[in-house]
Amino acid sequence: MSTLITNIGELVTNQPDEQAGGAGFAAVADAAMVIDDARVAWTGPASRAPAADQAVDAAGRAVLPGFVDSHAHLVFAGERSAEFAARMAGQPYRAGGIRSTVAATRAAADDQLRANVGRLAAEMLAQGTTTFECKSGYGLTVGDEARAVAIAAEFTREVTYLGAHVVPPEFEADPAGYVELVCGPMLDACAPAARWVDVFCERGAFGRDEAAAVLAAGTAAGLQPRVHANQLGPGPGVQLAVRAGAASADHCTYLDDVDVDALASSSTVATLLPGVEFSTRQPYPDARRLLDAGAVVALATDCNPGSCFTSSMPLCIALAVREMRMTTQEAVWAATAGGARALRRADVGHLGVGASADFIILNAPSHTYLAYRPGVPLVGAAWRAGALARN
Ligand SMILES: [Zn+2]
């Protein structure tokens, strides 16, 4: 069954003319797209569109690849709105935020965790996200982490084992013992349901050697590395990620020249999470410096109950444009094709021929409206694998 989406005001394909060289944002005005079963079969000017079994009139609206949110922590219980309100009121941050979520998550029934992921996944889809990554990291026991990756795998194939999120209270006096657990029995229990291994490499979480050990063990178990790096201050995370061949170094808020060069000369994507800086009132990462150096930049939400409880990629795009001086084209590319790069996925994040037909119809004539009309729900419909997933 083929479907013609016609009368598209702006079709963002992220498929630049090969001869123009390089990857990047690309769009066609007054366009059409044909999807055949689950794949994109044709894109181009509406006047030249081939026939199809059925047609959908986009009424001059914009069509974009579905957003690819490459960083989210959705398997948790409880919430921390009081902590957020206190932070906004200027009260000092009190340690133990993550630990309160760990306690609530351990106490939750499977169905409660499953319902929470399902609710957030539906929220994401309503805002145009058609692919998302989901991490464990609020269980921190063998059983609770294995449960978290298994539940995440019910909703996405991009499942990340994050046993190395923080050292749980029962290992406070023995952090080395916890790293051994993360690299041993916990990894063995989680690897079958996960694709990725991640570590929070930061002062107060895991240092360079510990993080390197976690990534090496995960890689040996068949997982691919990604790293929480340089969020709260300068540190070894970015260079560790590049050396480990990580798909992505996430946060990248505090970088020196060596970090920027390392990202620019590697295939490791710099994933920026501006919702975190917004929600913690911290300085934004320097996206322009990374882009101008030639690094590949992705945008993601980091949706989690503590530092950033938004599931909205449109908000991240608006922040990236307004606060981080990315162009609207750069921000949309980073939220689609950039996220796909950060997940090493060639089938999503663009609408080239052969791509998965994952796309959204905006109630607006162009991608610019995502930043021009911040906070307005502009996503009209979302299609996944050629089927209408949300209208
Ligand atoms: Zn995170």
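Roughly speaking, what is the centre-to-centre gap between the stretch 223-256 and the stretch 365-391 when only Cα atoms are used, to the nearest Å? Taking the Cα centre of the stretch 365-391 as reference, the centre of the stretch 223-256 is 31 Å away. Per-residue ellipticity at 222 nm from helix content only, as computed over the chain with -39500 (n - 2.57) for each DSSP H run of at least four residues, stands at -9000 deg cm²/dmol. Estimated from the Cβ-Cβ distance and a Förster radius of 41 angstrom, the FRET efficiency linking residue 174 and residue 153 is about 0.85. Once a ≥ b ≥ c are taken as the square roots of the eigenvalues of the Cα gyration tensor of the stretch 87-227, is the result rounded (a/c under 1.5), prolate (a/b larger than b/c) or oblate (a/b not larger than b/c)? Oblate is the answer for the stretch 87-227, as a/c is 1.5 or above yet b/c matches or exceeds a/b. Each Lys and Arg adds +1 at its Cβ and each Asp and Glu adds -1 at its Cβ; summed about the Cα centre, the chain shows a dipole of about 580 debye. Here the gap between residue 86 and residue 39, fully extended at 0.36 nm per residue and compared with their Cα-Cα distance, gives a gain of 12.2 nm. For the chain, with all protein chains in place and a probe radius of 1.4 Å, 53% of the accessible heavy-atom surface sits on carbon or sulfur.
Shape annotation for the stretch 1-152: C-alpha extents along the principal axes are 59, 38, 31 Å, from largest to smallest.
For the stretch 41-168, the relative contact order is 29 percent, taking Cα pairs closer than 8 Å that sit 6 or more residues apart in sequence and dividing their mean separation by the residue count. Under a Gaussian network description of the chain, with springs only between Cα atoms under 10 Å, the residue in 42, 333, 196 that fluctuates furthest is 42. Treating the chain as a set of equal point scatterers at the Cα positions, no solvent, please give the Debye-formula log₁₀ I(q)/I(0) at q = 0.08 Å⁻¹. The calculated log intensity ratios at q = 0.08 Å⁻¹ are -0.40.
For the chain, the per residue solvent-accessible surface stands at 39 Å², with DNA, RNA and ligands left out and a 1.4 Å probe.
Net charge dipole, the stretch 101-242: roughly 380 debye, given to the nearest 20, about the Cα centre with Cβ charges of +1 for Lys and Arg and -1 for Asp and Glu.
Beta bridges per DSSP, both residues in the stretch 23-142: antiparallel share near 65 percent. Fully extending the segment from residue 48 to residue 265 would add 74.1 nm, taking 0.36 nm per residue of separation and subtracting the current Cα-Cα distance.
Bridge orientation summary for the chain: considering DSSP beta bridges with both residues in this region, about 45 percent are antiparallel.
Taken about its Cα centre, the stretch 164-285 carries a charge dipole of about 320 debye when Lys and Arg each add +1 at the Cβ and Asp and Glu each add -1 at the Cβ. The mean sequence distance of close C-alpha pairs (under 8 Å, at least 6 residues apart), as a share of the length of the chain, puts its relative contact order at 20 percent. Using the beta-carbon distance between residue 203 and residue 107 and R0 = 22 Å, what value does 1/(1 + (r/R0)^6) give for FRET efficiency, to the nearest 0.05? Computed FRET efficiency for residue 203 and residue 107 comes out at 0.15.
Just check the stretch 122-192 against the gyration tensor rule for me: Cα atoms, a ≥ b ≥ c as the square roots of the eigenvalues, rounded for a/c under 1.5, and otherwise prolate or oblate depending on whether a/b exceeds b/c. Because a/c hits 1.5 or more and a/b exceeds b/c, the stretch 122-192 counts as prolate.
Projecting the Cα atoms of 150, 59, 9 onto the charge dipole of the stretch 1-158 (Cβ charges, centred on the Cα centre) puts 150 farthest toward the positive pole.
The values are calculated or read from the model by the stated rules, or taken from the named source; none is laboratory data. For clarity, every value in this text was computed on a predicted model and none was experimentally measured. Backbone-built Cβ (ideal geometry, glycine too); neighbour counts: all protein chains shown. Just so you know, the surface numbers come from the protein's heavy atoms only, side chains and all, with ligands and any DNA or RNA stripped out. Shrake-Rupley method; radii C 1.70, N 1.55, O 1.52, S 1.80 Å.
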